[in-house]
Amino acid sequence: MSDYPPIFQSIFGAAWDQLPAVFLKHYANRPFCSDVVVIEGTMAVEMSWLTRLCAPLLRLSGALVPIEECDIPVTVTFRSEADSAAFCFDREFRFPDCKPYHFRSAPIASIRPGDSVLAFDGFGALVPRRVTKTFRNVTQESLELSFVADGAPETLTATPTLTVTPGRFEQMHQAGRA
């Protein structure tokens, strides 16, 4: 039994204790444990026009789900690792008349040369690419800015080379551009 709290507890903060039981089970994985949580349900898969154009390439690379449909049966397996604080999502989409489609998210520290990842191309779009080499860089500096955009509070966290806004990653030289 681990003495560590669930990985997502710090993300939900004070609201953790008020979450419904189903959410507590859904986000129960702990670091440094071999926890596995399996969720079953259905999902609507939607794509932007650019993703639709790239769907054949995406299908070959396994980088994103390349089919757009509604009410798709999905199994999501959440795994934490006994020897690290890593947390992985493994998703299985069962589209009609297709073999199951697997999509896995893993912590950046586990990425190795030869893996397929989404990366910025020379035009600012995220595209599937093979990792050719890796390096470690411990960032000693970050900057967090809070502001109001379109009437809603937003937070921007930046390191010397990357900015992270809710639901979006940007190269630093592109930060703030529409």
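Tabulated values for the structure
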{"read-out": "Failed item in (1) touching a Ser or Thr at 6+ places or on another chain (Cβ under 6 Å); (2) assigned to a loop (DSSP other than H, G, I, E, B); (3) at pLDDT 80 or above, with T139 passing the rest", "value": "(3)"}
{"read-out": "Filter result for F95 (in a strand (DSSP E or B), surrounded by 10 or more Cβ atoms within 10 Å (Cβ to Cβ), in the same structural domain as M47 (by TED's automatic domain parsing) and at pLDDT 75 or above)", "value": "no"}
{"read-out": "Positions within region 69-84 being within 19 Å of the chain's Cα centre (by Cα) and either farther than 20 Å from K25 by Cβ or modelled with pLDDT of 85 or more (or both), in sequence order", "value": "V74, T75, V76, T77, F78, R79, S80, S84"}
{"read-out": "Subset of region 101-118 [at pLDDT 75 or above and either in the same structural domain as E68 (by TED's automatic domain parsing) or on the phi < 0 side of the Ramachandran plot (or both)]", "value": "Y101, H102, F103, R104, S105, I111, R112, P113, D115, S116, V117"}
{"read-out": "Search result, residues across region 66-88 that are outside any loop (DSSP other than H, G, I, E, B) and surrounded by 13 or more Cβ atoms within 10 Å (Cβ to Cβ)", "value": "E69, I72, P73, V74, T75, V76, T77, F78, R79, S80, F87, C88"}
{"read-out": "Selected residue (only one of V37, V65 is in the same structural domain as R104 (by TED's automatic domain parsing), at pLDDT 80 or above, within 19 Å of the chain's Cα centre (by Cα) and of a type in the set (A, V, I, L, M, F, W, C))", "value": "V37"}
{"read-out": "Cβ pairs under 7 Å, 6+ apart, first in region 38-49 and among the charged types (D, E, K, R), second assigned to a strand (DSSP E or B)", "value": "E40/T75"}
{"read-out": "D90 touching a Ser or Thr at 6+ places or on another chain (Cβ under 8 Å) and among the acidic types (D, E)", "value": "yes"}
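The values are calculated or read from the model by the stated rules, or taken from the named source; none is laboratory data. In this text the structure is predicted, and so the values were computed from the model without any measurement. So basically every Cβ, Gly included, is an ideal-geometry build from the backbone, and we count neighbours across all protein chains shown.
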